Amino acid sequence: YEMLVGIPPFYHKNWDNMFRLIWEASIKYPDPVKHGICVSKQAQDLINKLLIKDMTKRLGTKNDVDEVLAHPFFEDVN
């Protein structure tokens, strides 16, 4: 998320608020027209699956890095 958007997904200048957001907030993506940043649907899906709040359900917890690399986002990566 940070590499595509430029800030962490749950950024807040107050650390206490930022940690609360990490636990409670949903991921918001910038508006492509308003902010000029377009995050593809595949990238959004990958990010959403990597940031699932329940650690046991996150992408990569069942089959480690192979599960992550099998995501369509990495389809064109050799």
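The values are calculated or read from the model by the stated rules, or taken from the named source; none is laboratory data. Because the structure is a prediction, the values reported are computed rather than measured. So basically every Cβ, Gly included, is an ideal-geometry build from the backbone, and we count neighbours across all protein chains shown. To get the accessible areas, we keep the full protein, side chains included, count just its heavy atoms, and leave off ligands, DNA and RNA. Shrake-Rupley method; radii C 1.70, N 1.55, O 1.52, S 1.80 Å.
Annotations for the structure displayed:
Conditions (1) closer than 20 Å to VAL5 by Cα; (2) of a type in the set (S, T, N, Q), marked per residue:
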| residue | (1), (2) |
| --- | --- |
| PRO32 | yes, no |
| ILE37 | yes, no |
| GLN42 | yes, yes |
| LEU46 | yes, no |
| LYS49 | yes, no |
| LYS53 | no, no |
| LYS57 | no, no |
| LYS62 | no, no |
| LEU69 | no, no |
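- Condition check for ALA43: of a type in the set (Gly, Ala, Ser), modelled with pLDDT of 95 or more and in contact with a Leu (Cβ under 8 Å, 6 or more places away or on another chain): yes
- Breaking point among (1) without any contact (Cβ under 8 Å) to a residue 24 or more places away in the chain; (2) touching a helix residue (DSSP H, G or I) at 6+ places or on another chain (Cβ under 8 Å); (3) β-branched (Val, Ile, Thr), for ILE37: (1)
- The residue of the stretch 1-55 that is most open to solvent (accessible area, probe 1.4 Å), among those that are basic (Lys, Arg) and not in a helix (DSSP H, G or I), is LYS13.
- A Cβ distance below 9 Å, combined with a sequence gap of six or more or placement on separate chains, defines the contacts here; from the stretch 57-78, residues that are farther than 17 Å from GLN44 by Cα reach residues that are surrounded by fewer than 11 Cβ atoms within 10 Å (Cβ to Cβ) in the pairs THR61/MET55.
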